[in-house]
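Contents: one structure, followed by commentary.
The values are calculated or read from the model by the stated rules, or taken from the named source; none is laboratory data. In this text the structure is predicted, and so the values were computed from the model without any measurement. No Cβ is skipped: glycine too gets one built from the backbone with ideal geometry, and neighbour counts run over all protein chains shown. Only protein heavy atoms, including side chains, enter the accessible area calculation; ligands, DNA and RNA are left aside. Shrake-Rupley method; radii C 1.70, N 1.55, O 1.52, S 1.80 Å.
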Amino acid sequence: MHPHLWYPYTQAKTAPSPLKVKSAQGIWLELEDGRRVMDCISSWWVNLHGHAHPQIAAAIYQQAKTLEQVIFAGLTHDPAEQLAEQLLQYLPSGLNRVFYSDNGSTAVEVALKMAYQYWVNKGVNLGVNPGANLGANLAEQRGTFIAFAGAYHGDTFGTMAVGARSLFSQVFSDLLFQVECVPFPATYLGDPAVQSQEDAVLELLETKLEQMPYAGILIEPLVQGAGGMRMCRPEFLQRLRQIANQFNTLLIFDEVMTGFGRTGDWFACVKANVQPDIICLSKGITGGFLPLAVTICTETIYQAFYSDDPLKTLYHGHSYTANPLGCAAGLASLKLMQENESRFKGMETKHWQHLAALATHPKLENLRVTGTIAAMDIVTDAETSYLNPVGPQLRQQALDRGVLLRPLGNVLYLMPPYCITDDELTQVYETIAAILKTL
Ligand SMILES: *Cc1c(COP(=O)(O)O)cnc(C)c1O
């Protein structure tokens, strides 16, 4: 460990020393000690086209020579305008206003503020604390969000509050605002109970929505990421949309991880054919080069902020909002996605072909694939959790074989960049098979 660095998500006392990376090309990381390691987790799910892609590097270089950064209030620039316009072309047509920020947590944080203030601006009484809203009709209050068990939406206080109360947020739990939580109907290959589970969740939701109005429903569509690569069916999201309409509440998609091809289509909302009222995007937005995020909403929401009344303004922004370098990288990355569409659209079939050989493996259960993401649970004596000791063991075993994995406890998953070749994917699955023999 470096004597002056504090690494994220790392207990320095017990973690192995971090590996020093000298450079990276495509899917390969070049380590200082001369080893090459295949990045099968896209460097925490951000990298789309491989490392150091020359087209994105060139776009950033060109932009840096022209306009590297400028305040985005009172001033604007082409990269921000062009990226917004292009993003909207790939999203459902009702999503129409793009708000920039700089990471996934802030994208969700902005969505929460937008949704909450939307109801305030529309004159709906608010407040989770009725005392603060003297005379407010309790039934009219929309101060609470509905979120899903197992959700992860980021590490700021707002996003921790709407995330699952987990190991990550436990120490802060007293400081987190209240959220109504419903189960996530996670499913897998051969799941006999998927329909009844979805029915039960939706019934519970209806009961809650009948009792009082909510500010919105927040979900990671199709795949819950950090919660363990838990996957749900598109049908569930379609019914969720219907219920949100029926009870006049907002549907918010956190596509920070699922966006930009991850689910096998451009966005999970496109794949599921569901239009959310607000969508949050980050991770893959620059192809994995620079931090950038957007929160995109419908014109209806935007119009509730459009006013002569200064109080109706969305008072939110960050120093690096709409950084031109990030936007230039985003534009270059979208172009590469367009040129290589078949790569992310075709990966689901390839995952399933490889998984077929592992389907009856006694050490594996709950096999699942959505687009470029494949996941499975390792059967151990301990329960499925982030702290399951098999995680670090698998990670080390994979590393010894030249593959970078980062299991979430006993959940083993692959989320490679789209440039992975058929041979490389075969190599990864052979590595997994070899590791399973050692368990
Ligand atoms: C990673 C992630 C976030 C948080 O993004 P950061 O850039 O790490 O702040 C939020 N939501 C989802 C679904 C994520 O996967």
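Please enumerate the residues belonging to region 412-427 that are crowded, with 23+ Cβ neighbours inside 10 Å and not in a loop (DSSP other than H, G, I, E, B).
Those that are crowded, with 23+ Cβ neighbours inside 10 Å and not in a loop (DSSP other than H, G, I, E, B): LEU412, LEU414.
Please indicate, with yes or no, whether at least one residue in region 190-203 is part of a loop (DSSP other than H, G, I, E, B), modelled with pLDDT of 95 or more, closer than 25 Å to ILE279 by Cβ and touching a strand residue (DSSP E or B) at 6+ places or on another chain (Cβ under 7 Å).
no
How many of the residues in region 239-265 are outside any helix (DSSP H, G or I), open to solvent by 10 Å² or more (accessible area, probe 1.4 Å) and farther than 19 Å from THR144 by Cβ?
Final tally of qualifying residues: 4.
Looking at region 343-357, can you tell me whether even one residue there is open to solvent by 10 Å² or more (accessible area, probe 1.4 Å) and in contact with an Asp or Glu (Cβ under 6 Å, 6 or more places away or on another chain)?
No: region 343-357 contains no residue that is open to solvent by 10 Å² or more (accessible area, probe 1.4 Å) and in contact with an Asp or Glu (Cβ under 6 Å, 6 or more places away or on another chain).
Could you list all residues from region 260-287 that are within 14 Å of the ligand (Cβ to nearest atom), closer than 17 Å to HIS51 by Cβ, touching a residue at least 60 places away in the same chain (Cβ under 8 Å) and in contact with a helix residue (DSSP H, G or I) (Cβ under 6 Å, 6 or more places away or on another chain)?
Passing the criteria: PHE260, LYS283, THR286.
Against the condition within 16 Å of the ligand (Cβ to nearest atom) and assigned by TED's automatic domain parsing to the domain that holds LEU292, how does GLY94 come out, does it pass?
No; evaluated as a whole, the condition is false for this residue.
Regarding ALA304, is this residue in the same structural domain as ILE41 (by TED's automatic domain parsing) and open to solvent by 10 Å² or more (accessible area, probe 1.4 Å)?
It is false that ALA304 is in the same structural domain as ILE41 (by TED's automatic domain parsing) and open to solvent by 10 Å² or more (accessible area, probe 1.4 Å).
If I filter region 27-39 down to residues being acidic (Asp, Glu) and part of a strand (DSSP E or B), which single residue comes out as most open to solvent (accessible area, probe 1.4 Å)?
This residue is GLU30.
Taking ALA147, is it in contact with a Leu (Cβ under 7 Å, 6 or more places away or on another chain) and under 21 Å from TYR386 (Cα atoms)?
yes
Of the residues GLN69, GLN63, only one is open to solvent by less than 40 Å² (accessible area, probe 1.4 Å), away from the ligand (no atom under 16 Å from the Cβ) and at pLDDT 95 or above; which?
One residue alone meets the criteria, GLN63.
Does region 19-26 contain any residue that is closer than 25 Å to THR372 by Cα, open to solvent by less than 50 Å² (accessible area, probe 1.4 Å) and of a type in the set (A, V, I, L, M, F, W, C)?
Yes: region 19-26 contains one or more residues that are closer than 25 Å to THR372 by Cα, open to solvent by less than 50 Å² (accessible area, probe 1.4 Å) and of a type in the set (A, V, I, L, M, F, W, C).
When only residues in region 99-127 that are at pLDDT 95 or above and open to solvent by 40 Å² or more (accessible area, probe 1.4 Å) count, which is nearest to GLU81 (Cα to Cα)?
Step by step, filter region 99-127, then rank; the result is PHE99.
Hey, among SER173, SER166, which residue is open to solvent by 20 Å² or more (accessible area, probe 1.4 Å) and in contact with a Lys or Arg (Cβ under 9 Å, 6 or more places away or on another chain)?
Being open to solvent by 20 Å² or more (accessible area, probe 1.4 Å) and in contact with a Lys or Arg (Cβ under 9 Å, 6 or more places away or on another chain) holds for just one of SER173, SER166, which is SER173.
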